[in-house]
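Engineer: I have a structure here, written as structure tokens, and I will follow up with some questions on it.
The values are calculated or read from the model by the stated rules, or taken from the named source; none is laboratory data. Since the model is a prediction, treat every value here as computed from it, not as a measurement. Here the Cβ positions follow ideal geometry from the backbone for every residue, glycine too, while neighbour counts run over all protein chains shown. With ligands, DNA and RNA removed, areas are computed over all heavy atoms of the protein, side chains included. Shrake-Rupley method; radii C 1.70, N 1.55, O 1.52, S 1.80 Å.
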Amino acid sequence: MANKKHFSRTAAAMSLRQRQRNAVMKPMEDDRPKNFSELQPRGPLGVKNTVVGILKENGDGGIVVPDPSFRETNFGMVYIDRTNMNGAPYNMTVVAEVLNPSSGTTFHGKIIEVLGDAGNNDVRMLAVMHQFGLSGTFPNFVQDEVKDLPFSPTDEEVENEIKAGRKDLRDLLTITIDGEEAKDLDDAISIEPMDDDKYRLYVHIADVSHYVRENTELDKEAMLRGTSVYLVDRVIPMLPPKLSNGLCSLNPNLPRLTLTAEMVVDSEGNTLYGEVYESVIKSDMRMNYNECFKILFRPEKEDAEKYGDIIQMLWHMKRLTDILKGYRDERGAINFEIPETKVILDDEGNPTDIMPYPTNYCHGMIEEFMICANEFIAKKFAMLNYPFVYRIHEEPDRMKITRFCTVARNFGALGTIRGKITPKAINDYMASIRDENAIPSLNTILLRSMAKARYAPENMGHFGLASEFYCHFTSPIRRYPDLYIHRIIKTYLHGNDKRKHFAGLVGGVADHSSDMERNSVEAERQSVQIKVAMYMHDRLGQHYVGKISSIIGAGVFVELPNSCEGFVPFRSMKDHYLFDEMSLRAIGRHSGNKLLIGQEVGIIVAAVDLDTNKIDFVFDESVEKGGNKKADSNEPAPKGKKSKRGRKLRGRSSKRR
């Protein structure tokens with residue numbers, strides 16, 4: 001209890017310093033929202049004019065102190081009259097509706113929901129869900145529509161579908177490859193070698209649109225959600241679990257209705273021809289990425305008995321993967337390797353470990369097959385001039401790329417990118433960078449110089465993939481655009497000309513899906529930041545070795561091997577550092593010591609603000625002496641060795657980008 005009281009005092013001080021730092025580092029823009037009424041509705045629930053925060057006592061009423069981690073809705077305290085308390089207890093996380101959202105000064109509200117104790121892990125996730133308009137349950141009218149659906153297609157249904165023209169592929173060797181924890185298995189693969197080093201690739205995708213019919217309550221709810229959201233401790237599915245984990249999931253040894261993209265790929269990686277059709281499959285085995293990797297690269301004697309023909313199939317898949325990857329590299333596809341953070345939680349939701357999300361060759365193998373199918377489908381329907389939802393990534397702005405080149409030249413890149421900016425030109429330019437340590441940070445800067453991928457009713461290509469035609473076809477369980485184009489594809493396959501019908505709808509589907517995707521990404525990132533901050537809070541004073549990932553006017557960001565990023569403010573350093581924005585480096589005025597992106601540095605965890613999820617580091621003594629301690633960067637220094645500088649700075653939080 002004493003620790004909690006101490007923390008609350010330091011947290012309050014940190015919040016003040018954070019606001020001061022924000023004011024210096026990022027002045028208020030003129031177009032920044034001034035009140036709640038100017039904010040757009042958030043998420044599938046269309047949350048508006050509400051605030052999540054702690055209810056504090058104020059006379060016979062209360063004050064809701066906004067959660068500082070939700071900066072978008074932090075316009076100050078919301079005053080609650082006693083008649084609007086609705087029985088809410090003090091010192092709990094609550095949701096307050098703002099009654100005067102257009103006010104630019106003092107806000108008044110009423111309590112509409114009590115989430116619970118602010119320190120509770122579940123309550124923190126509920127706060128994230130509310131802030132981003134996410135619902136963990138489905139309305140009764142949606143549940144009513146799915147309650148009579150079977151858990152698996154009946155034999156009668158399968159036979160009727162085959163009689164109606166659906167291809168029977170149940171005897172075709174087929175497998176799924178996903179993460180070990182995945183339950184919504186969208187895709188399955190079959191492959192057959194052909195003459196002249198060609199391959200026949202089958203990408204089978206769950207036929208979700210067979211069950212989610214247009215304009216049903218189930219369809220309306222799926223469109224509203226737009227996407228499944230993968231928070232750090234739970235999944236908020238786009239479809240009810242009876243569909244997402246059951247009837248539509250391509251579980252092994254069960255018949256499943258699918259849409260199959262069958263493509264013939266030559267030895268150069270060109271898709272020569274193909275077709276898309278309704279099918280029924282039966283997956284022979286549910287495999288995971290690590291399992292397949294071991295079969296290919298660390299085989300064991302027992303494999304033959306356990307996997308049989310699947311072993312040969314995996315080798316064909318590897319051969320085709322290398323062909324497709326070579327073809328994409330030749331086109332100039334940009335391969336950013338910016339790993340996400342994986343958080344390991346215990347049964348109570350407390351973080352026990354954090355790390356870059358582990359991937360291996362087989363993740364890339366499935367990705368290549370999905371890209372191949374997405375390109376094939378997009379090209380087919382673009383050539384048909386059919387109303388469609390495409391996945392586009394527009395060309396980058398030349399001024400932004402020019403500014404990036406100015407920075408990159410300081411790390412050995414040659415000149416600038418002249419002429420038309422193409423993916424291949426960017427790849428060639430990045431290959432000229434001589435400072436390999438700086439490349440991960442430069443990749444991040446380059447990525448931020450580009451437009452974000454989005455959905456659109458017009459095909460504009462995908463710059464990052466160097467694809468002339470691209471869509472999302474392969475994940476209809478968790479992405480509404482995929483489900484929607486399945487519906488379009490099926491009307492085409494059945495000879496129902498509904499061009500006029502879809503032409504008026506695809507634009508709205510594309511825009512809403514893009515909005516929901518952005519909302520889900522922000523919610524997922526917020527949930528991860530909460531757990532990362534909790535993890536590092538338990539490691540105050542410990543030493544790590546990391547790399548400078550970015551430098552701004554107020555200090556440097558350092559990323560640790562476990563993927564955690566913290567901020568080292570210049571004011572915590574012995575020297576006075578001058579920041580050169582053009583070269584992305586800082587130089588000590590007296591010592592001449594240089595701080596560069598990609599530079600290895602020793603740090604001490606100095607402060608963690610669990611309210612804002614911000615993490616502060618300080619450099620250890622070796623950095624400003626011009627050298628870095630060589631330590632095992634995956635492990636902290638021996639426990640118990642606290643830093644005096646770390647204790648002095650405890651309570652200071654960092655400004656995130």
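Engineer: Would you call residue 540 hydrophobic (A, V, I, L, M, F, W, C), surrounded by fewer than 20 Cβ atoms within 10 Å (Cβ to Cβ), within 23 Å of residue 349 (Cα to Cα) and at pLDDT 95 or above?
Structural biologist: Details: hydrophobic (A, V, I, L, M, F, W, C): yes; surrounded by fewer than 20 Cβ atoms within 10 Å (Cβ to Cβ): yes; within 23 Å of residue 349 (Cα to Cα): yes; at pLDDT 95 or above: yes.
Against the criterion (hydrophobic (A, V, I, L, M, F, W, C), surrounded by fewer than 20 Cβ atoms within 10 Å (Cβ to Cβ), within 23 Å of residue 349 (Cα to Cα) and at pLDDT 95 or above), residue 540 qualifies.
Engineer: What strands (runs of 3 or more DSSP E) completely inside segment 552-591 contain at least 1 residues that are in contact with a Gly (Cβ under 8 Å, 6 or more places away or on another chain)? Spell out how you get there, then give the answer.
Structural biologist: Working: elements: 555-559, 565-569, 577-580, 585-588.
Correct list: 555-559, 565-569, 577-580.
Engineer: Also: In the list 377, 421, 401, which residue meets the criterion of being modelled with pLDDT under 95, part of a helix (DSSP H, G or I) and either open to solvent by 30 Å² or more (accessible area, probe 1.4 Å) or among the β-branched types (Val, Ile, Thr) (or both)? Spell out how you get there, then give the answer.
Structural biologist: Working: 377 fails: modelled with pLDDT under 95; 421 fails: part of a helix (DSSP H, G or I).
Answer to the selection: 401.
Engineer: Restricting to segment 524-540, give me the number of residues that are closer than 15 Å to residue 342 by Cβ and either basic (Lys, Arg) or free of Cβ contacts under 8 Å to residues at least 40 places away in the same chain (or both).
Structural biologist: Going through segment 524-540 one residue at a time, the tally reaches 2.
Engineer: Shifting gears a bit: Output yes when any residue across segment 522-540 is among the acidic types (Asp, Glu) and assigned to a loop (DSSP other than H, G, I, E, B), and no when none is.
Structural biologist: To start, the set of residues in segment 522-540 that are among the acidic types (Asp, Glu) comprises 522, 524, 538.
If we keep only those that are assigned to a loop (DSSP other than H, G, I, E, B) too, we end up with 538.
Yes, segment 522-540 contains a residue that is among the acidic types (Asp, Glu) and assigned to a loop (DSSP other than H, G, I, E, B).
Engineer: Also: Of these, 254, 250, which one is open to solvent by 20 Å² or more (accessible area, probe 1.4 Å), touching a Ser or Thr at 6+ places or on another chain (Cβ under 8 Å) and under 22 Å from residue 186 (Cα atoms)? Break it down into steps so the answer makes sense when it comes.
Structural biologist: On the way: 250 fails: open to solvent by 20 Å² or more (accessible area, probe 1.4 Å).
Of the residues listed, the single one that is open to solvent by 20 Å² or more (accessible area, probe 1.4 Å), touching a Ser or Thr at 6+ places or on another chain (Cβ under 8 Å) and under 22 Å from residue 186 (Cα atoms) is 254.
Engineer: Please enumerate the residues belonging to segment 592-616 that are part of a strand (DSSP E or B) and open to solvent by 40 Å² or more (accessible area, probe 1.4 Å). Outline the logic, then answer.
Structural biologist: If we filter segment 592-616 for residues that are part of a strand (DSSP E or B), which is where we start, we get 594-596, 600-609, 614-616.
Answer for segment 592-616, where residues must be part of a strand (DSSP E or B) and open to solvent by 40 Å² or more (accessible area, probe 1.4 Å): 594, 596, 600.
Engineer: Could you look through segment 264-278, keep only residues that are in contact with a helix residue (DSSP H, G or I) (Cβ under 9 Å, 6 or more places away or on another chain) and of a type in the set (Ser, Thr, Tyr), and pick out the one that is least open to solvent (accessible area, probe 1.4 Å)?
Structural biologist: Filtering segment 264-278 for residues that are in contact with a helix residue (DSSP H, G or I) (Cβ under 9 Å, 6 or more places away or on another chain) and of a type in the set (Ser, Thr, Tyr), the one least open to solvent (accessible area, probe 1.4 Å) comes out as 277.
Engineer: Only one residue in 323, 371, 311, 366 is in a helix (DSSP H, G or I), touching a Lys or Arg at 6+ places or on another chain (Cβ under 9 Å) and either closer than 30 Å to residue 505 by Cβ or hydrophobic (A, V, I, L, M, F, W, C) (or both). Which one? Steps first, please.
Structural biologist: Details: 323 fails: touching a Lys or Arg at 6+ places or on another chain (Cβ under 9 Å); 311 fails: touching a Lys or Arg at 6+ places or on another chain (Cβ under 9 Å); 366 fails: touching a Lys or Arg at 6+ places or on another chain (Cβ under 9 Å).
When all the criteria are applied, what remains is 371.
Engineer: Return yes or no: is residue 281 part of a strand (DSSP E or B) and hydrophobic (A, V, I, L, M, F, W, C)? So that I can check it myself, show each step before the final result.
Structural biologist: Numbers: part of a strand (DSSP E or B): yes; hydrophobic (A, V, I, L, M, F, W, C): yes.
So residue 281 passes the test.
Engineer: Now for a separate question. Starting from segment 329-342, keep only residues that are open to solvent by less than 80 Å² (accessible area, probe 1.4 Å), then list their pairs with residues that are in a helix (DSSP H, G or I) and small (Gly, Ala, Ser) whose Cβ atoms are within a distance under 9 Å, requiring at least 6 positions of separation or different chains.
Structural biologist: Taking only residues 6 or more apart or on different chains, the pairs are 332/425.
Engineer: With (1) at negative phi; (2) in contact (Cβ under 8 Å) with a residue 24 or more places away in the chain; (3) not hydrophobic (A, V, I, L, M, F, W, C) as the list, and residue 594 as the residue in question, which single condition is left unmet?
Structural biologist: That leaves (2) as the condition not met.
Engineer: Continuing with the same structure: Quick one: which residue in 294, 301 is assigned to a loop (DSSP other than H, G, I, E, B) and either among the basic types (Lys, Arg) or open to solvent by less than 70 Å² (accessible area, probe 1.4 Å) (or both)?
Structural biologist: On the way: 294 fails: assigned to a loop (DSSP other than H, G, I, E, B).
Result: 301 is the single residue among 294, 301 that is assigned to a loop (DSSP other than H, G, I, E, B) and either among the basic types (Lys, Arg) or open to solvent by less than 70 Å² (accessible area, probe 1.4 Å) (or both).
Engineer: Restricting the search to segment 304-319, which residues are open to solvent by less than 100 Å² (accessible area, probe 1.4 Å) and closer than 13 Å to residue 361 by Cα? Give the steps one after another, and end with the answer.
Structural biologist: Step one: of segment 304-319, the residues open to solvent by less than 100 Å² (accessible area, probe 1.4 Å) are 304, 307-308, 310-311, 313-314, 316-318.
Residues satisfying the conditions are 314, 317, 318.
Engineer: Something else: Looking at segment 77-109, which of its residues are within 19 Å of residue 36 (Cα to Cα), part of a loop (DSSP other than H, G, I, E, B) and open to solvent by less than 30 Å² (accessible area, probe 1.4 Å)?
Structural biologist: 101, 103
Rundown of residues vs (1) surrounded by fewer than 20 Cβ atoms within 10 Å (Cβ to Cβ); (2) over 19 Å from the mean Cα position of the chain (by Cα), yes/no style:
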{"residue": "167", "(1), (2)": "yes, yes"}
{"residue": "192", "(1), (2)": "yes, yes"}
{"residue": "213", "(1), (2)": "yes, yes"}
{"residue": "216", "(1), (2)": "yes, yes"}
{"residue": "228", "(1), (2)": "yes, no"}
{"residue": "232", "(1), (2)": "no, no"}
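Engineer: When you go through 207, 197 one by one, which is the residue that is touching a residue at least 24 places away in the same chain (Cβ under 8 Å), of a type in the set (Asp, Glu) and open to solvent by 10 Å² or more (accessible area, probe 1.4 Å)?
Structural biologist: Details: 207 fails: open to solvent by 10 Å² or more (accessible area, probe 1.4 Å).
Testing whether each residue is touching a residue at least 24 places away in the same chain (Cβ under 8 Å), of a type in the set (Asp, Glu) and open to solvent by 10 Å² or more (accessible area, probe 1.4 Å) leaves just 197.
Engineer: Okay, next question. Step by step: first the residues of segment 568-591, then only those that are open to solvent by 80 Å² or more (accessible area, probe 1.4 Å) and in contact (Cβ under 8 Å) with a residue 40 or more places away in the chain, then the one that is farthest from the chain's Cα centre (by Cα). Which residue is that? Explain how you work it out, then say what you get.
Structural biologist: Taking segment 568-591 and keeping what is open to solvent by 80 Å² or more (accessible area, probe 1.4 Å), we get 571, 574, 576, 578, 581-582, 589-590.
Subset that is in contact (Cβ under 8 Å) with a residue 40 or more places away in the chain: 574, 582.
Values: 574: 38, 582: 30 Å.
Applying the filter and picking the extreme gives 574.
Engineer: Okay, moving on. Of all the residues that make up segment 446-477, how many are touching a helix residue (DSSP H, G or I) at 6+ places or on another chain (Cβ under 6 Å), at pLDDT 95 or above and outside any loop (DSSP other than H, G, I, E, B)?
Structural biologist: So the answer is 4.
Engineer: If the requirement is being of a type in the set (A, V, I, L, M, F, W, C), open to solvent by 40 Å² or more (accessible area, probe 1.4 Å) and in contact (Cβ under 8 Å) with a residue 12 or more places away in the chain, which of these qualifies: 112, 175? Talk me through it step by step, then tell me what you get.
Structural biologist: Details: 175 fails: open to solvent by 40 Å² or more (accessible area, probe 1.4 Å).
Only one candidate qualifies: 112.
Engineer: Looking at segment 268-299 only, could you name the residues that are hydrophobic (A, V, I, L, M, F, W, C) and under 24 Å from residue 326 (Cβ atoms)?
Structural biologist: Step one: list which residues in segment 268-299 are hydrophobic (A, V, I, L, M, F, W, C), which gives 272, 276, 280-281, 285, 287, 292-293, 295-297.
Of everything in segment 268-299, those that are hydrophobic (A, V, I, L, M, F, W, C) and under 24 Å from residue 326 (Cβ atoms) turn out to be 272, 292, 293, 295, 296, 297.
Residue-wise test of (1) open to solvent by 10 Å² or more (accessible area, probe 1.4 Å); (2) touching a strand residue (DSSP E or B) at 6+ places or on another chain (Cβ under 7 Å); (3) not polar (S, T, N, Q).
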residue: 434; (1), (2), (3): yes, no, yes
residue: 446; (1), (2), (3): no, no, yes
residue: 454; (1), (2), (3): yes, yes, yes
residue: 469; (1), (2), (3): yes, no, yes
residue: 472; (1), (2), (3): yes, yes, yes
residue: 475; (1), (2), (3): no, no, no
residue: 489; (1), (2), (3): no, yes, yes
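Engineer: Quick check: anything in segment 378-392 closer than 30 Å to residue 122 by Cβ, among the aromatic types (Phe, Trp, Tyr) and within 21 Å of the chain's Cα centre (by Cα)?
Structural biologist: Let us first name the residues in segment 378-392 that are closer than 30 Å to residue 122 by Cβ, namely none.
No, the conditions are met nowhere in segment 378-392.
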